[in-house]
Amino acid sequence: MKYAIGTIIGLALFAWLFSLCSPAGKNKTGHEYMPDMYHSVGYEANTYGAYFWNTWDDNNSFTKAELSQPRAKVEGTIARGYTGVFYNGASELDIIRGKNAGNAIAAPVNGEAPFYYVNTEDDRLRCEQEMVSNPFPITKSGLNKAKPLYDIYCGVCHGPKGDGQGTMVSVPDAKYPVQPKNLIADDMINAGNGRFYFAMIYGKNVMGGYADKLSFEERWQVLHYIRSLQAQSKSLQYDETGNTLSNIEKPAMGVATGGSRVAPPPPPPAPAN
C-alpha cells in the first residue's frame, strides 16, 4: 500500500514540477494534458499560420492559406426568419416582416434569402426571365436609404447618375480596365430585375459580387434607386406615388423573388394547323 501511495505522490509531484517548467502565457498554452480539451482550434484574426497542436491532420489537402480563410455558412442554410419564398395566402413582404404566422419573426437586418442560380450565363438569363417583381414597394424612405448604398458600392464606377462615369473612370489619367456599364441606357432600362440582382450576387466582368455586403432587402432597395435614376434620365416618374418607367414591376406567376424557383404554369397548347 505504501508503494502505491508513494507512486501516486511521485507522479503528482512530477506533473506539478513539469507544469512549472512550461507554464502557459500569452499565445503559449504550456504543457497540458489533452490541450485540445481546453483550447479552441481556431485562428487569430488577420494572421497566417496553422494551429500548433493540430497533429491529427498533417496530411491535409488544404493549404495553410486556405485554412486561414473565413468559413462560409453551410450550403443551403438560411438565416432564421428569412426565406423569401411564396406561401399560400401571404405576400412576400408580409413574410419578410414576420406577419405570415403567429409565431413568425421579422427578418433580421442582415437577413438573407436562398438564391438557386449558379454563376453561369444560362442561369443569368433564366434569372432575368424569372425574377421579375421587386418584393419591396417603392417608398421615399427606401430610396433615401438606398442612395448612400448605391454611392458606396455602385456609384464609384457606374457614376452618381448611373451613366457609367464614376470617379474610377472620370478622374484625370484614370486607367480603368473596362468601361463600367451605363445603367441608364435603353438596354438596361428594359432589362429585367433579375439581371441586376444576379450581378449583385455574382458580379460581372471586373465587377465583384456584393452578396456579402448588401443584405437581401438592401439589394432590392438599391435596385429601386437604380430604376429611379433611369426614370430621371427619361423625365419619367418612379417613386411611391407612381411609376411610369415601365411595366417590369408586374409580378411573375409562380416565381419567388428570392431566387427560389417554383414550377411555372404550363404553356398554352400550340394552335392547330
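For region 135-156, the criterion of being in the same structural domain as W220 (by TED's automatic domain parsing), surrounded by 17 or more Cβ atoms within 10 Å (Cβ to Cβ) and free of Cβ contacts under 8 Å to residues at least 60 places away in the same chain is met by at least one residue.
Among the residues of region 212-231, just one is surrounded by fewer than 17 Cβ atoms within 10 Å (Cβ to Cβ) and without any contact (Cβ under 8 Å) to a residue 40 or more places away in the chain, namely D212. The set of residues in region 185-208 that are in a helix (DSSP H, G or I) and free of Cβ contacts under 8 Å to residues at least 40 places away in the same chain comprises D186, D187, F196, A199, M200.
Residues in region 120-134 that are exposed (fewer than 12 other Cβ atoms within 10 Å of the Cβ) and not in a helix (DSSP H, G or I): 1 in all. Tell me yes or no: at least one residue of region 245-260 is outside the structural domain of Q129 (by TED's automatic domain parsing), at pLDDT below 90, of a type in the set (K, R) and surrounded by fewer than 17 Cβ atoms within 10 Å (Cβ to Cβ). There is at least one residue in region 245-260 that is outside the structural domain of Q129 (by TED's automatic domain parsing), at pLDDT below 90, of a type in the set (K, R) and surrounded by fewer than 17 Cβ atoms within 10 Å (Cβ to Cβ).
Kindly evaluate G166 against the criterion of being more than 18 Å from H224 (Cα to Cα) and surrounded by 18 or more Cβ atoms within 10 Å (Cβ to Cβ). Even if it seems obvious, please write down each step before you answer.
Numbers: more than 18 Å from H224 (Cα to Cα): yes; surrounded by 18 or more Cβ atoms within 10 Å (Cβ to Cβ): yes.
Yes.
Take P172 and tell me if it is surrounded by fewer than 16 Cβ atoms within 10 Å (Cβ to Cβ) and under 21 Å from the mean Cα position of the chain (by Cα). When the stated conditions are applied, P172 does not pass them.
The values are calculated or read from the model by the stated rules, or taken from the named source; none is laboratory data. On a predicted model such as this, the values are computed, not experimentally measured, just so you know. Cβ: placed from backbone, ideal geometry, glycine included. Neighbour counts: every protein chain shown.
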